[in-house]
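Colleague: For reference, the structure I am asking about is given below.
The values are calculated or read from the model by the stated rules, or taken from the named source; none is laboratory data. The structure displayed is predicted, hence computed values, not measured ones. Every residue, glycine as well, gets a Cβ built from its backbone with ideal geometry; the counts of neighbours run over all protein chains shown. These accessible areas exclude ligands, DNA and RNA; they are computed on the full protein's heavy atoms, side chains included. Shrake-Rupley method; radii C 1.70, N 1.55, O 1.52, S 1.80 Å.
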Amino acid sequence: MPTVTLIPGDGIGPEVAAATRRVVDALDCGIEWEVHAAGLPAIETHGSPLPEHVIASIVRNKVALKGPVTTPVGTGFRSINVVLRKDLDLFASVRPCHLYPGVDSRFESIDIVVIRENTEDLYEGIEFEQNSREQKKLRGYLKYMHGYALAPDAGVSIKPISVTASRAIVQFAFDFAKRQKRRKVTLGHKANIMKFSDGLWLETGERLAVDYRDVGFEAIHVDELAMGLAWIPNDFDVIVLPNLYGDIISDLCAGLIGGLGLAPGMNIGLDYAVFEPTHGSAPDIAGRGLANPVAMILSAVHMLRHIRMTSAAASLERAVEKVLADGHHRTADMRPTREPATTDEVANAIIEAL
Ligand code: ATP
């Protein structure tokens with residue numbers, strides 16, 4: 001029996017995780033759950049938002065299903081999501097954006113996959129606070145090396161992009177496109193402004209593209225990509241991006257397919273995989289049964305595929321499709337025409353459609 005680490009998270013996490021667990025259990029495919037707290041509940045019980053045993057559980061089981069986790073601001077803890085991705089080397093974030101029939105959207109069909117580099121870029125947390133001792137040292141260095149006068153009241157965040165990480169993720173994107181018989185990989189960048197970070201990212205991508213002549217390739221500025229996605233999204237297929245652009249563009253793509261409540265995601269490494277919705281912990285609606293569980297349920301569909309339970313995955317996706325298409329059970333974020341459904345009512349409808 002496959003054992004999966006289940007991290008409910010915080011905010012709306014526990015609600016959507018409980019709904020997802022019920023739905024997956026209803027498939028009766030023999031999944032055993034190892035449940036571990038992370039985020040705010042873990043700080044209360046273990047003094048850390050990501051206790052060692054949580055990582056150990058994922059290492060043991062190789063696969064996890066995770067709800068959103070808030071990083072409390074000003075507590076000195078680094079983002080749990082970032083630490084998890086780095087510790088387990090989950091270098092690829094894959095966010096499929098598929099528009100299901102019946103869902104309210106400005107477009108008739110959308111089928112885009114955003115692949116985001118997960119380990120470096122501005123997410124490294126290398127920062128210099130305004131007026132700090134460290135910032136003063138940096139100021140001296142920049143003056144000496146570049147003749148640049150950094151203002152004492154400027155905060156600085158560093159953006160490292162390496163050939164190694166760029167190559168790994170672009171290669172992953174091409175292999176993914178090939179395996180899934182996708183027509184094109186689009187690489188987004190801003191190499192005209194950041195020559196040594198985005199420039200290197202672009203150059204690495206262009207070099208690799210030569211080895212994948214059977215997959216189409218284009219490189220475009222990320223601002224142009226944003227415009228294109230809002231205007232003619234079906235021009236795009238697989239999009240590969242560095243960490244920060246990937247975060248922003250995947251939310252944009254979620255907006256094309258009915259919103260964050262419907263956008264699944266996964267973090268993939270060579271040894272481990274963590275499946276989680278694109279959305280955050282949405283504290284504004286937490287604890288009220290209003291959250292849409294579909295993003296996390298679709299993340300579970302991808303998890304089932306990953307562990308080769310393909311027929312269970314297909315049954316679950318079909319049931320989600322049915323519920324979305326008939327439109328009777330929709331949470332408030334989906335702008336239903338009737339009384340909004342609760343998280344549990346959507347899960348019940350999906351279970352009934354199995
Ligand atoms: P993070 O920085 O952690 O990604 P965020 O600030 O981008 O989080 P989210 O928590 O992802 O914000 O969500 C933004 C808003 O979208 C929420 O405040 C909530 O109103 C809505 N939202 C997100 N997820 C859901 C969901 N599953 N169901 C309903 N509404 C949602």
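Colleague: From the set of residues in region 73-106 that are modelled with pLDDT of 95 or more and over 21 Å from I58 (Cα atoms), which is surrounded by the most Cβ atoms within 10 Å (Cβ to Cβ)?
Modeller: C97
Colleague: Every residue in region 6-21 that is of a type in the set (D, E, K, R) and open to solvent by less than 30 Å² (accessible area, probe 1.4 Å), please. Step through it out loud before you land on a result.
Modeller: Restricting attention to region 6-21, the residues satisfying the condition of being of a type in the set (D, E, K, R) are 10, 15, 21.
Once the filter is applied, which keeps residues that are of a type in the set (D, E, K, R) and open to solvent by less than 30 Å² (accessible area, probe 1.4 Å), region 6-21 yields only D10.
Colleague: Let me ask something additional. Just the residues that are open to solvent by less than 10 Å² (accessible area, probe 1.4 Å) and of a type in the set (A, V, I, L, M), please, taken from region 224-244.
Modeller: L225, L229, V238, I239, V240, L241 - these are the residues of region 224-244 that are open to solvent by less than 10 Å² (accessible area, probe 1.4 Å) and of a type in the set (A, V, I, L, M).
Colleague: Hey, another quick one. Sort through A291, A282, A325, A286 and tell me the only one that's open to solvent by 50 Å² or more (accessible area, probe 1.4 Å), farther than 15 Å from V23 by Cα and at pLDDT 95 or above. Before you say what the answer is, go through the steps one by one.
Modeller: Working: A291 fails: open to solvent by 50 Å² or more (accessible area, probe 1.4 Å); A282 fails: open to solvent by 50 Å² or more (accessible area, probe 1.4 Å); A286 fails: open to solvent by 50 Å² or more (accessible area, probe 1.4 Å).
Just one listed residue meets the conditions, A325.
Colleague: Can I ask one more? Can you tell me which residue among L200, L290 is more than 10 Å from the ligand (Cβ to nearest atom) and not in a strand (DSSP E or B)?
Modeller: Numbers: L290 fails: more than 10 Å from the ligand (Cβ to nearest atom).
Of L200, L290, the one residue that is more than 10 Å from the ligand (Cβ to nearest atom) and not in a strand (DSSP E or B) is L200.
Colleague: Taking region 104-134, which residues are part of a loop (DSSP other than H, G, I, E, B) and in contact (Cβ under 8 Å) with a residue 40 or more places away in the chain? Explain how you work it out, then say what you get.
Modeller: Of all residues in region 104-134, those part of a loop (DSSP other than H, G, I, E, B) come to 104-110, 118-120, 125-126, 129-132.
If the condition is that a residue be part of a loop (DSSP other than H, G, I, E, B) and in contact (Cβ under 8 Å) with a residue 40 or more places away in the chain, then D104, S105, R106, F107, S109, I110, N118, T119, E120, G125 are the ones that fit.
Colleague: Related question: Scan region 223-249 for residues that are under 18 Å from G205 (Cβ atoms) and either assigned to a strand (DSSP E or B) or within 16 Å of the ligand (Cβ to nearest atom) (or both) and report the count.
Modeller: So the count comes out to 9.
Colleague: Assigned to a loop (DSSP other than H, G, I, E, B), open to solvent by less than 40 Å² (accessible area, probe 1.4 Å) and small (G, A, S): is that true of A314 in this structure?
Modeller: Working: assigned to a loop (DSSP other than H, G, I, E, B): no; open to solvent by less than 40 Å² (accessible area, probe 1.4 Å): yes; small (G, A, S): yes.
For A314, the condition - assigned to a loop (DSSP other than H, G, I, E, B), open to solvent by less than 40 Å² (accessible area, probe 1.4 Å) and small (G, A, S) - is not met.
Colleague: Suppose we keep only residues that are of a type outside the set (V, I, T) and not in a helix (DSSP H, G or I) within region 203-222. Which one would you say is surrounded by the most Cβ atoms within 10 Å (Cβ to Cβ)? Full working, then the answer.
Modeller: So the first thing to find is which residues in region 203-222 are of a type outside the set (V, I, T), and the list is 203, 205-209, 211-214, 216-219, 221.
Remaining after also requiring not in a helix (DSSP H, G or I): 213-214, 216-219, 221.
On the way: R213: 8, D214: 8, G216: 15, F217: 21, E218: 13, A219: 18, H221: 16.
The residue in question is F217.
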